[in-house]
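*Asks:* Once you've had a glance at the structure underneath, I'll fire off some questions.
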Amino acid sequence: MTTIPANLQAVNQRIAAACAAAGRAREAVALLAVSKTFPAACVRAAAAAGQRAFGESYVQEALPKFAALADLGLEWHFIGPLQSNKTRPVAEGCAWVHSVERLKVAERLAAQRPPQLPPLNVCVQVNVSGEASKSGCAPAEAAALCRAVAALPGLRLRGLMAVPEPSEDMALVRRRFAALRALRDELNAQGLGLDTLSMGMSHDLEAAIMEGATIVRVGTAIFGERHYAT
Ligand SMILES: *Cc1c(COP(=O)(O)O)cnc(C)c1O
């Protein structure tokens, strides 16, 4: 846990260097610290070092952390697969959901978003990897899903998210990110006004920033290797 502030600093330096290399402003890219599988104390250590936005992937795991860290006023992002019977705590406790891939889930989030809160920021997750991946809507379905989500009250459609298939081939990964960016541009040409591209993780954030990422989701490089309880 003592390495978290140094790791955070290193990740922020990588982001700054990638922004410089891409000719983009540092402020154009936000860091989401992905804290899944790590205890609340690790989030607290990152928050003490200045990090405000944290991502979680599992509702069951996230709820006790939201409660344990409520005093910090952190910004929580849900980034994992979301079943329609588990949307309520996410609608109530998060500022963002990156992983909307079905209209039914978006409808439930919209209905369950407390009216006194600002709209829930939403990204539609797109499968840019074809048969190599199962999560995300097909690129051909993204326009219709985005339009339907944008029409829901209580939600604010912000953009697109993708998790390319794991690969050491950075040229391939970069093509996947480029595909998401091209889709965003196409949807914006149709009038959607998407300002967010959520893409890039610990091993490929530089490629994502080169292709226009506005949020990079980084876990391992901040908190260390994950050990899943089985
Ligand atoms: C776990 C996870 C991340 C973080 O991945 P790292 O390789 O640990 O940086 C990012 N995005 C999603 C959707 C995740 O599930």
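*Asks:* Which of the helices in the chain meet the span-like rule: DSSP H, Cα axial reach of 15 Å or more, Kyte-Doolittle mean at least -1.0?
*Replies:* Sorted by number, the helices that extend far enough and score high enough are 4-22, 139-150, 170-189.
*Asks:* A further question on this structure: Return the distance in nm (one decimal) between the two label points of a simple spin-label model at ARG24 and ALA178, each offset 7 Å from Cα along Cα→Cβ.
*Replies:* Roughly 1.6 nm, to one decimal.
*Asks:* Take each of the peptides 100-108, 45-53, average the number of other beta-carbon atoms within 10 Å over its residues, and list them starting from the highest.
*Replies:* Those peptides, ordered most packed to least, come out 100-108, 45-53.
*Asks:* Compute the separation of the alpha-carbon centres of region 56-93 and region 156-218 and state it in Å as a whole number.
*Replies:* Here the two parts' Cα centres lie 23 Å apart.
*Asks:* At 1.4 Å probe radius, can you tell me the per residue accessible area of the chain in Å²?
*Replies:* It amounts to 46 Å² per residue over the chain.
*Asks:* Tell me, what is the Rg over Rh of the chain, with Rh the Kirkwood radius over Cα pairs?
*Replies:* Answer for the chain: 0.94.
*Asks:* Now a separate question. Quick one: pull the percent of accessible area on the chain belonging to carbon and sulfur, 1.4 Å probe, ligands and nucleic acids left out.
*Replies:* Numbers: 5770 of 10480 Å².
On the chain, the fraction of accessible area on carbon and sulfur atoms equals 55 percent.
*Asks:* Treat every Asp and Glu Cβ in the chain as -1 and every Lys and Arg Cβ as +1, leave all other atoms uncharged, and give the resulting dipole magnitude about the Cα centre to the nearest 20 debye.
*Replies:* Its charge dipole is roughly 400 debye.
*Asks:* Take the Cβ-Cβ distance between THR3 and GLN83 as r, set R0 to 41 Å, and report the resulting FRET efficiency rounded to the nearest 0.05.
*Replies:* 0.75
*Asks:* Give me the percent relative contact order of the chain, please, defined on Cα pairs under 8 angstrom at least 6 residues apart.
*Replies:* Relative contact order here is 21 percent.
The values are calculated or read from the model by the stated rules, or taken from the named source; none is laboratory data. Quick caveat: nothing in here was measured; it's all calculated off a predicted structure. Cβ coordinates were reconstructed from backbone atoms using ideal geometry, including for glycine residues, and neighbour counts include every protein chain displayed. Please note that ligands, DNA and RNA were not included when accessible areas were found on the heavy atoms of the full protein model with its side chains. Shrake-Rupley method; radii C 1.70, N 1.55, O 1.52, S 1.80 Å.
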